[in-house]
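Note sheet for the following structure.
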Amino acid sequence: MGLIKFSANLGFLWTELNLPSAILAAKAAGFDAVECHWPYDTDPKAIIGALQDTNFTMIGLNTRRGDLGTGENGLSALPGREDDAKDAIDEAILYAAEIKAKNIHVMAGFSSGDEAEKVFIKNLNYACNKALLHDITILIEPLNQYDAPGYFLKTTSQALGIIKKVNQPNLKLMFDCYHVQLMEGNIVHKLKSLMPYIGHIQFASVPDRGSPGDGELSYEFIFKIIQQLGYEDPIGAEYKPKGDTNSSLNWMKTYI
């Protein structure tokens, strides 16, 4: 097995820098790739330049959350907001295609029930069909109910059911160890059973969402399992550093 590869999630890391500068910082720190949340206020040409300078791939980005003033956190499972959801998907695909991002996380939003699931499935089909033209994978991610109470997608089993109903080759699961541990536990069993459906893996310590050296999960063990399962893509460091990002990176010496 080769060395494990890591992607810096610039939604949480080097947030004091603009995105192009954060990409350069991630390269200097020893990461292998980058990912982000909502890059839309940044000129994609500036992102492309930074990616070329670092020889990095942008692993992924998210669809917009919606109306932040009312606390929205995604649109694609909201009945009555189908047009807004499609606009957000179109925007994400255009941006991702321009910067050659591999994945788009389509955010479901705060909702529940059968109608919400029908709307989510319809929007995911729309997203998958459009993304396929650009060789982009669509991801869905269960979020824990402590940080995102009321979010539509809560568990990996719910996500797997939706992936099977949509039945598109470019719809995958975003497996965030932090969210899965808080909602379900059994990280290793879940990784083993879900690996054929996983498009990207992320991590943070539990329960504080800090760097992976602390907390109740042994990432040294988990990362070995991920490698043994044949997963070779960079794994996303989506944690909230205590203090500045550079001083939070000692964990990397353990794993690379």
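Values in this text are rule-based calculations from the coordinates and carry no lab data. Please read all numbers here as calculations on a predicted model, not as lab measurements.
Amide H contacts for G60 (H built 1.01 Å from N in the peptide plane; partners 5 or more residues away or on another chain; cut-off under 5 Å): C36, K102, N103. Which of K45/K172; K100/K192; K5/K122; K45/K164 have a Cα-Cα distance over 31 Å? Over 31 Å Cα-Cα: K5/K122; K45/K164. Database remark: amide H of L217 closer than 5 angstrom to the amide H of V206 (H placed geometrically; neighbours at sequence offset of 5 or more, or on other chains; Pro and chain starts carry no H). Which of the aspartates and glutamates could a cross-linker bridge to K102, judged by Cα under 14 Å and excluding same-chain residues fewer than eight apart? Within the straight-line limit of under 14 Å, K102 reaches these aspartates and glutamates: E35, D135, D233.
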